[in-house]
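> Sending over a structure as structure tokens; questions will come in a sec.
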Amino acid sequence: MKNSAETSETPSAPLPGRAVKIFGVGGAGVILSDALNHEEFAGATFVALDTDAASLAASTAPVKIHLESKLLRGLGTGGDPERGRALAEEQFATLQAACGGARAVFIAAGLGGGAGSGIAPVLARAAREAGALTLAFVTLPFACEGNRRRQQAEQGLEQLRSAADSVLTLPSQKLFKFIDENTTVLDTFRIADGLLAEGVRGIWQLLTRPGLIQIHFDDVCAVLRDGHAESAFAFVEAAGPARSREAVEKLLRHPLLDEGRALAEAETILISLLGGRDLTMAEVNRVMEQIGRQGDRARIVMGATLDAAMKDKLAVTLIAARNASWKSDTPPVTASPEALREAAPRYSVRPAPPPVTLEAGEPMATRRGGARREKPRMLQTQLPLTIVTKGRFDKSEPTIHQGEDLDIPTFVRRGVPLN
Amino acid sequence: MFDDSDIIVGLEIGTSKVCAVVGELNAEGALNIIGLGQARSRGVRKGEIVDPAQAEEDVRHAIVEAEQMADVEIRRVYLGVTGGHLRGFNNRGVHPVVSADREITEDDVQDVIKNAKAINLPAENSVIHAIRQHFSVDGQAGVTNPVGMLGSRLEVDMHVVHGITNRLQNSIRLVKGLQLDVEEIVFNGLAAALALLTGEQKELGALVIDIGGGTTDYVVYADGIIKHTGVLAVGGDHVSNDLAYGLKVPLSRAEKLKLEYGSALLDDDCRGRTVTLTNELGLPFKTVNLEHLRRIMSLRLEEIFQLIAQDLEHAGLFDYLRAGVFLCGGGARVPQIARLAERVLQMPVSLGRTNSISGLKSALDQPEFVAAIGLAKFGSLKTRKRHDQSRFKNLLGKLLPR
């Protein structure tokens, strides 16, 4: 464990470095935590967590946790998040012990594979139960990595969102805006790691560095602490006399923030400014004014730090958090669906008693292509008591509306007798 | 003077009929219907083409008839599309105004519209319509033209109609195979609304329901702009099918019964009455209970309106429909259907009449052709805009010294 006495930061730091633990979970996570591990984060404990012994051996983290079981023999999950999750649940006590004593836990992982997607949510739960503020920083796979990885990543993200306090995602597809024709794959991954590291650094500064404008750790906790939050983040740097205006412009054009749209949709904005000793109040104000205007429905938490090395420069890390109150595949409706559902519906189709079935054995409800890989639930099928021929619609695609096949005659579905 | 570009043709490949409407733009830019061709449609189910060979033949038949009546050669059409796969939703685009003086320019407007168009559609879908609704400047809603206003955040609401690309391409390719150019594809419901609604009705808020053979399309206008669109893949065919199943008669017989004896409501006078079916020789072979017939039909039609009502309730649009509901399409011919709709929707319902369009009286009065006429009207509006733009450019060219 790194000795916190090495910390050269002032003792009146808002949060003592020792109380932050940074976990790198899974292959990508371990590489990322290695990329982070240098003096800047002195005082934090780095932990590498993986099922693959080889990746752990290559890591430079001071603490390594190898999750293994007899079946895997140190080889890894084989890209199956279920295995990763099962392993993590089995070793839950180990995870809890590892999180013990931390006031904040950062989890870095790459979603899509087995260890990251499977273990990270369980670790997040363990950290939360241990009472720490849990933040996850994850990458999402490229579109070219295929459907399976995407589905696994989405699932892992869902679980992580409910298990952690806040999740910062870096969809790898957005990296295409940072690279050109000649960037190598290795460099691209390095860029991805770099971006994620900036996010971690930004939050770290917010939590641990003293400065011009202080934020208390508890404030950050209160702001970030709620389920189902998703965030976008960006890091910009500007230099010269017009640095504040430049920094703001860069932020508003940043691809990771959807060119400013993420600000408008955000409910909480965390912003950390880092400048030299010559950072002026006016510059801070200018930045905050613009951000405030763009994100006018958001609560803004701001911190500013000074570093002599940043003379003439200004670096801004911004995290825009939004409560995902509905699933992303529902298109936005102008009226809020929650309010409507609460009001008693004026019209409802009479519930159809199901005496008649479709083709024998077919389940009544058809789910809309969900990537749900839960245990197969018992499906209640209907007995084929009356066969309804579809007549004209025999060979065409059935019209399914909210689980009902509208091609079946209405009077049949409603059980209206014809005497 | 016969300028080819003044001939506008709307083509609707429907489930029960294919129809082509030929219109002509007169000097003031108003639309005049000069020809109509139709053919029974055999290759279409639920609004989508299932048998391209037959559909092609039917389309050719309709086009030829229209050409003969209008005495023109048809080269370009506005194609109507529908189908259960179509979806409409409202999307909002946001754009921060970066200029120092915070004045909103034309570029900002273009940018925000581009943002609004960047929607996460499923990969297999493509956009049919992206219609501008209202702008919003710094939270102030209801702005129609923000250019010149001051603000830091510009938002626009757009109504987007999208559908599965492959199915849309099926129709387009079929038409192209007949050596016809597809100027644009238009959602049938939107076309019907264009044909029926006056500006005032659009302002007050109106719902247009096109009850066709394969699908029922519906569109809501309010505050002068389109607010909601939807397609229910249930139509007149379902009524016939229900009758065939319930009365145990073949489908063709069921259709005839529907047309002759059908009604949307059950009246007391049909109790106990029966209908005798005769075969080719004129000899009676089966009796059918009239009450059953009407009940089956009534239930199906009632369900269609209930589903539409549910959708509108979900979208929160009921309070906007001050001008009421307008019905069109073949299904609007069913006796008492307006009363049934009134009962379900609890709003004044009337049969839609095409307005501000002159020409063939026989075509304009019939509810089946409303969508096709609307396609022609859509085309006329587009052509008029293009003419205005080119006239403006010509004028500019003449004024500016070379």
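> Placing +1 at every Lys and Arg Cβ and -1 at every Asp and Glu Cβ, with all other atoms neutral, what dipole size does segment A:4-210 have around its Cα centre, in debye to the nearest 20?
380
> Okay, next question. Around B:Leu293, with a cut-off of 14 angstrom between Cβ atoms, what is the net charge of the other residues, counting Lys and Arg +1 and Asp and Glu -1?
Net charge in that neighbourhood comes out at +4.
> Additional query: Can you give the Kirkwood hydrodynamic radius of segment A:61-174 from its Cα pairs, in Å with one decimal?
Kirkwood hydrodynamic radius for segment A:61-174: 14.1 Å.
> I would also like to ask the following. Given B:Ile226, B:Gly329, B:Leu251, which one lies farthest toward the positive end of the charge dipole of segment B:214-359, if we put +1 on the Cβ of every Lys and Arg and -1 on the Cβ of every Asp and Glu?
Farthest along the dipole direction, towards plus: B:Leu251.
> May I pose another question? Within a Cβ distance under 10 Å of B:Ile225, other residues only, what is the Lys/Arg minus Asp/Glu net charge?
Spelling it out: positives minus negatives among the neighbours equals 0.
> Here's a follow-up. Ranking A:Ile203, A:Ile213 by Cβ neighbours within 10 Å, fewest first, what do you get?
A:Ile213, A:Ile203
> Estimate the FRET efficiency between A:Glu246 and B:Leu121 by the formula 1/(1 + (r/R0)^6), using the beta-carbon distance for r and 35 Å for R0, to the nearest 0.05.
Efficiency, rounded to the nearest 0.05: 0.50.
> Which of the pairs A:Lys21/A:Lys311; A:Lys250/B:Lys117; B:Lys258/B:Lys377; B:Lys17/B:Lys256 have their Cα atoms more than 20 Å apart in this structure?
Over 20 Å Cα-Cα: A:Lys21/A:Lys311; A:Lys250/B:Lys117; B:Lys258/B:Lys377.
> Pull out the extension gain between B:Asp51 and B:Asn145, defined as 0.36 nm times the separation in residues minus the alpha carbon to alpha carbon distance; nm, one decimal.
Between B:Asp51 and B:Asn145, full extension yields 29.2 nm more.
> Over the Cα atoms of chain B, compute the convex hull volume and normalise it per residue, giving Å³.
Expressed per residue, the convex hull around the Cα atoms of chain B is 170 Å³.
> Could you check the spin-label model distance between B:Glu28 and B:Asp319? Points 7 Å from the Cα along Cα→Cβ, value in nm.
3.9
> Taking the Cα-to-Cβ direction at A:His66 and at B:Leu281 and moving 7 Å from each Cα, how far apart do the two end points lie in nm?
9.3
> Express the Stokes-Einstein translational diffusion coefficient of segment B:236-299 in µm² s⁻¹, to the nearest whole number, given a Kirkwood radius over alpha-carbon pairs, 4 °C and a viscosity of 1.567 mPa s.
Estimated via Stokes-Einstein, D reaches 111 µm²/s.
> Going by Cα centres, segment A:113-182 and segment B:32-54 are how many Å apart?
Centre-to-centre (Cα) distance: 50 Å.
> Based on the Cβ-Cβ distance of A:Ile300 and B:Gln68, what FRET efficiency does E = 1/(1 + (r/R0)^6) give at R0 = 56 Å, to the nearest 0.05?
With R0 = 56 Å, the Cβ-Cβ based efficiency is 0.20.
> Might you report the magnitude of the Cβ-based charge dipole of segment B:87-162 about its Cα centre, with Lys and Arg at +1 and Asp and Glu at -1, to the nearest 20 debye?
With only Lys, Arg, Asp and Glu charged at Cβ, the dipole is about 320 debye.
> Of B:Gly142, B:Gly324, B:Gly213, which has the largest mean-square fluctuation in a 10 Å C-alpha GNM of chain B?
B:Gly142
> A further question on this structure: In peptide A:248-260, how many Cβ atoms from other protein chains are near each Cβ within 10 Å, on average?
2
> Now for a different question. What FRET efficiency, computed as 1/(1 + (r/R0)^6) with R0 = 41 Å and r the Cβ-Cβ distance, is obtained for A:Arg190 and A:Asp307, rounded to the nearest 0.05?
0.95
> Which order do the peptides A:23-32, B:359-368, A:44-53 take when ranked by the mean count of other beta-carbon atoms within 10 Å per residue, highest first?
A:23-32, A:44-53, B:359-368
> Would you list A:Ser272, A:Ser162, A:Ser55 from fewest to most Cβ contacts within 10 Å?
Lowest count first: A:Ser162, A:Ser55, A:Ser272.
> Whole Å is fine, so just give me how far the alpha carbon centre of segment B:201-222 lies from that of segment B:235-267.
About 24 Å separates the Cα centre of segment B:201-222 from the one of segment B:235-267.
> To the nearest 20 debye, what charge dipole does chain B have about its Cα centre, counting +1 at the Cβ of each Lys and Arg and -1 at the Cβ of each Asp and Glu?
In total the dipole reaches around 440 debye.
> Give me the distance in nm between label points sitting 7 Å out from Cα along the Cα-to-Cβ direction at B:Arg60 and A:Ala239, one decimal.
Distance between the two pseudo-spin positions: 7.3 nm.
> Percent relative contact order of segment B:236-299, based on C-alpha pairs within less than 8 angstrom and at least six residues apart?
Dividing the mean separation by the residue count of segment B:236-299 yields 35 percent.
> Using a/c under 1.5 as the rounded threshold, could you call segment A:4-210 rounded, prolate or oblate? The axes a ≥ b ≥ c are square roots of the C-alpha gyration tensor eigenvalues, and prolate needs a/b larger than b/c, oblate otherwise.
Oblate shape, in that a/c is at least 1.5 and b/c is the bigger or equal ratio.
> Over the Cα atoms of segment B:87-162, how large are the radius of gyration and the largest Cα-Cα distance (Dmax), in Å?
12.9, 42
> Extension gain A:Val416-A:Ser396, at 0.36 nm per residue separation less the Cα-Cα distance, in nm?
The A:Val416-A:Ser396 span can extend by a further 4.6 nm.
> Mean separation of Cα pairs under 8 Å and 6+ residues apart, divided by the residue count of chain B: what relative contact order is that in percent?
Taking the mean separation of contacting Cα pairs over the length of chain B, I get 18 percent.
> Continuing with the same structure: Using a 10 Å cut-off on Cβ atoms, rank the peptides A:257-268, B:276-287, B:261-272, B:294-305 from the highest mean neighbour count down.
Put in order of decreasing packing, that is B:294-305, A:257-268, B:261-272, B:276-287.
> Then there is this: Given B:Ala130, B:Asn120, B:Gly88, which one lies farthest toward the positive end of the charge dipole of segment B:87-162, if we put +1 on the Cβ of every Lys and Arg and -1 on the Cβ of every Asp and Glu?
Among B:Ala130, B:Asn120, B:Gly88, the one farthest towards the positive end of the dipole of segment B:87-162 is B:Gly88.
Every read-out reported here was derived from the displayed coordinates using simple, explicitly stated rules and does not represent laboratory data. Source: prediction; values computed, not measured. Positions of Cβ are backbone-derived with ideal geometry, glycine not excepted, and every protein chain shown enters the neighbour counts.
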